[in-house]
Amino acid sequence: MAVLTPIPAAVATAPAVAAPSATGPSCTLQRSGSLWQLGIEAQELTSAIGQLAEQLETDDLEQRASALAELEAALLAEEGNKTAFAAKADATCWVIEHLRGQAAYRQQQAKRLADLSRSDAGRADALEGSLVFVLTQLQPAATRFSFPNHELSSRKSQAVVIDDEDLLDPEWLAVKTTSQPDKNAIKEALKAGRQITGAQLLNRRSWRIH
């Protein structure tokens, strides 16, 4: 960015920002830069304004008048940047809230569909059980039933049913040992100043859109 005693040229020629429409959203601003770009521009404007303010201390009247004119232009550009930045940030917050609302709705829909799925599966199993009961009562030795469009067949399998696990000898028990970090205890120890190899206490800040 070129510097003119030492104001960035982009500041002196910054485009004017149109006022938001009385009936339209704030996104009618002419600035279309990204939130990141607007943030960088804000930092550059702040730096330029500071430099111009220092030039006002000169005894040279012509230089002071020039610096004052450029400072006024920089302040106008900064105001436009602030307006555009606030509008862009506000629009971003809206998108975030919309996506989270959509996620919550879809999660509810997924739960509802899962409940309906379990209900349908339960009714199908009950109806199948009733059909098999009737058919096997009529033909107890049958293992297959054929119909015009469907066929019902069976196969044998074996499954172990445990009546009382406490009555089993230890040799019939599979022992599974699991462990996991006790984060609450570790947190309290770290807060008390203890050094724990393999663990550290991180300070985090959470944000919430209102």
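The values are calculated or read from the model by the stated rules, or taken from the named source; none is laboratory data. All values derive from a computational prediction rather than experimental measurement. Glycine gets a Cβ as well: all are built from the backbone with ideal geometry, and neighbour counts include every protein chain shown.
See the values below:
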{"item": "All positions within region 46-67 that are hydrophobic (A, V, I, L, M, F, W, C) and either surrounded by 14 or more Cβ atoms within 10 Å (Cβ to Cβ) or in contact with a Phe, Trp or Tyr (Cβ under 8 Å, 6 or more places away or on another chain) (or both)", "result": "Ala48, Ile49, Leu52, Ala67"}
{"item": "Residues (outside any loop (DSSP other than H, G, I, E, B) and farther than 19 Å from Asp125 by Cα) located in region 147-158", "result": "none"}
{"item": "Subset of region 22-45 [surrounded by fewer than 12 Cβ atoms within 10 Å (Cβ to Cβ), part of a loop (DSSP other than H, G, I, E, B) and at pLDDT 55 or above]", "result": "Ser32, Ser34"}
{"item": "Residues (in a loop (DSSP other than H, G, I, E, B) and over 26 Å from the mean Cα position of the chain (by Cα)) located in region 180-203", "result": "Gln180, Pro181, Asp182, Ala192, Gly193, Arg194, Gln195, Ile196, Thr197, Gly198, Ala199"}
{"item": "Every residue from region 52-72 that is in a helix (DSSP H, G or I), under 50 Å from the mean Cα position of the chain (by Cα) and hydrophobic (A, V, I, L, M, F, W, C)", "result": "Leu52, Ala53, Ala67, Leu68, Ala69, Leu71"}
{"item": "Pairs with Cβ under 8 Å, 6+ apart, first in region 129-148 and free of Cβ contacts under 8 Å to residues at least 60 places away in the same chain, second surrounded by 10 or more Cβ atoms within 10 Å (Cβ to Cβ) and assigned to a helix (DSSP H, G or I)", "result": "Ala142/Leu135; Ala142/Thr136; Phe145/Leu135"}
{"item": "Checklist (1) surrounded by 10 or more Cβ atoms within 10 Å (Cβ to Cβ); (2) of a type in the set (Val, Ile, Thr); (3) under 30 Å from Asp90 (Cβ atoms) applied to Thr136, failing item", "result": "(3)"}
